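J.: Could you have a look at this structure, given as structure tokens, before my questions?
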Amino acid sequence: MIMGDFNFYRSLSDRNKSGGNINDIMIFNEIISNLGLLEIPLKGRKYTWSNMQDDPLLEQIDWVFTSANWISVYPDTLLLPLARPTADHIPCKIQIGTNIPKAQVFKFENYWADHPEFMELVKSVWSANVRASNSATRISSKFKLLRAALKKWSKKLSNLSMLIKICSYKLEVLDSLEEQRPLFIQEYNFRNILKAHILRLPGYKKEYWKKRYTVRWTKMGDEQIFFMLQPLKGIGLTPSPT
């Protein structure tokens, strides 16, 4: 995937005023064709740049290109515009539609170890009596029991994104209630518990996606344009050493 500010437009309709360089347009389109690139069109907006004048010149000069293979694997890839608070370029967000299939085999999630119920569950399962003829068989049996217990326990854990949303909503309700009257001691304590819980949940989510993140580097371009890859939101990207 190639993205950024190319400072070229593909047709005269990519600017809101008359003029433009036909020769540059032909060269730019010829390069795109020779490289076999496919454009991911901008959804909902026509232009990506403004000269910020009273009667502005608007142009589409920021592009995202990819390959036929990418489109076949991720056909729901979208280029979405965001609000432009300061810069002359609009921020663009690339949304990649993909679902990660759930494996049937057991898979340990790193964030489980930070859950307050995790250690208690492990201790209770590991301390259970197991009939076995030797130590190796006994340890193997305990691992099997622990795997089954963790699989059953993990199904009771709520969806992280939904849980964060619910906790945040409840916190907003308590904050609004405090503006009307002092909170009861039970409400005050519950709000403190919610705050501590909300601080832990993003860490769980980060660990979840960190295990599924496979890209090790990316080339960063024009700092005026912010491209955010989803669903990898929140995961740090390491710049290429080149």
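The values are calculated or read from the model by the stated rules, or taken from the named source; none is laboratory data. What you see is a predicted model, and the numbers here were worked out from it, not measured in a lab. All Cβ positions, even for glycine, are placed from backbone atoms using ideal geometry, and neighbour counts span all protein chains on display.
J.: Considering only residues that are out of contact with any Ser or Thr (no Cβ under 7 Å at 6 or more places or on another chain), in a loop (DSSP other than H, G, I, E, B) and within 25 Å of Lys17 (Cα to Cα), which ones fall in the stretch 58-87?
T.: Within the stretch 58-87, Leu82, Ala83, Arg84, Pro85, Thr86, Ala87 qualify.
Residue-by-condition table, conditions (1) in contact with a Lys or Arg (Cβ under 9 Å, 6 or more places away or on another chain); (2) under 30 Å from Ser72 (Cα atoms); (3) modelled with pLDDT of 75 or more:
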{"residue": "Pro101", "(1), (2), (3)": "no, yes, no"}
{"residue": "Tyr111", "(1), (2), (3)": "yes, no, no"}
{"residue": "Phe118", "(1), (2), (3)": "no, no, yes"}
{"residue": "Ser124", "(1), (2), (3)": "no, no, yes"}
{"residue": "Arg131", "(1), (2), (3)": "yes, no, yes"}
{"residue": "Arg147", "(1), (2), (3)": "no, no, yes"}
{"residue": "Lys152", "(1), (2), (3)": "no, no, yes"}
{"residue": "Ser158", "(1), (2), (3)": "no, no, no"}
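J.: Next question, about the same structure. Of all residues in the stretch 59-76, which are surrounded by fewer than 16 Cβ atoms within 10 Å (Cβ to Cβ) and touching a strand residue (DSSP E or B) at 6+ places or on another chain (Cβ under 7 Å)?
T.: Ser67, Ala68, Ile71, listed by residue number.
J.: Still on this structure, I have one more. Take the stretch 29-64 and flag every residue that is in contact (Cβ under 8 Å) with a residue 40 or more places away in the chain and touching a helix residue (DSSP H, G or I) at 6+ places or on another chain (Cβ under 7 Å).
T.: Glu59, Gln60
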